[in-house]
Amino acid sequence: MYGLLLESISDLIKTKYGEDKWEEIRQLAKVGPSVFSTHETYGEELIPNIARAAAVVLKENADDIMDGFGVAFVSFVGQYGYDSILKVLGRHMRDFLNGLDNLHEYLRFSYPKLRPPSFFVENESKAGLTLHYRSRRKGFVHYVKGQIRRVGELFYNTKVNIYVVDEVENADHTVHVKFRLLFNNVAYRDNNRLTVDSIVDNIPLSGL
């Protein structure tokens, strides 16, 4: 993974708990560098290791910490201008979720060694949708939940409740997670209404 993710975590811990706590967590997690380079790659295991160490040092739940890391990342990337990219993915939350794979493909121009997860949407309704997440990374379910929830709040003024429906590890060692996202999916209703209106508009008068 790229250092941008790790930068956001160290920034969060330093800001919220102080430099001393970050040093204690970093050493417990056996993280070598104290400062990360945005475009340098690091081991995939570092973030889960930091979360487990933070749970010990801060006496908090490791899943909640990973969720917080995900939330912090969405806010942190604004200083690099990536918030503008997120904003143009679509007018609604469903547009963002349907465009996640395209977003990662775009990011490959800046991060050529990126090994992104994949996402696809199904079972969409006016109350939400089901989101499938596949990744080589293990232990990032709560991180992803935090990211998605924060994107909804920050860019779409939408509260998203996220539940894990299923989580399996495949034979190829990828993780497949099925999330159910509940939110006010106004875009689905608008699109549905547009489809119905289009059908009505195209019915010939002779057929009525």
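The values are calculated or read from the model by the stated rules, or taken from the named source; none is laboratory data. All figures in this text were calculated on a predicted structure; none of them were measured in a lab. Cβ sites come from the backbone with ideal geometry, for glycine too, and all protein chains shown count toward neighbours.
Below, the figures for the structure above:
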| item | result |
| --- | --- |
| Residue satisfying all of: in the range 170-204; within 22 Å of Pro116 (Cα to Cα) and modelled with pLDDT under 90; surrounded by the fewest Cβ atoms within 10 Å (Cβ to Cβ) among these | Ala171 |
| Extreme residue, nearest to the chain's Cα centre (by Cα), among residues of the range 64-98 that are surrounded by fewer than 17 Cβ atoms within 10 Å (Cβ to Cβ) and modelled with pLDDT of 70 or more | Ser75 |
| Checklist (1) crowded, with 16+ Cβ neighbours inside 10 Å; (2) at pLDDT below 95 applied to Ala53, failing item | (2) |
| In the range 137-146, the residues that are part of a helix (DSSP H, G or I) and either over 22 Å from Asn170 (Cβ atoms) or at pLDDT below 90 (or both) | Gly146 |
| Residue within the range 17-25 that is among the hydroxyl-bearing types (Ser, Thr, Tyr), closer than 25 Å to Gln79 by Cα and exposed (fewer than 15 other Cβ atoms within 10 Å of the Cβ) present | no |
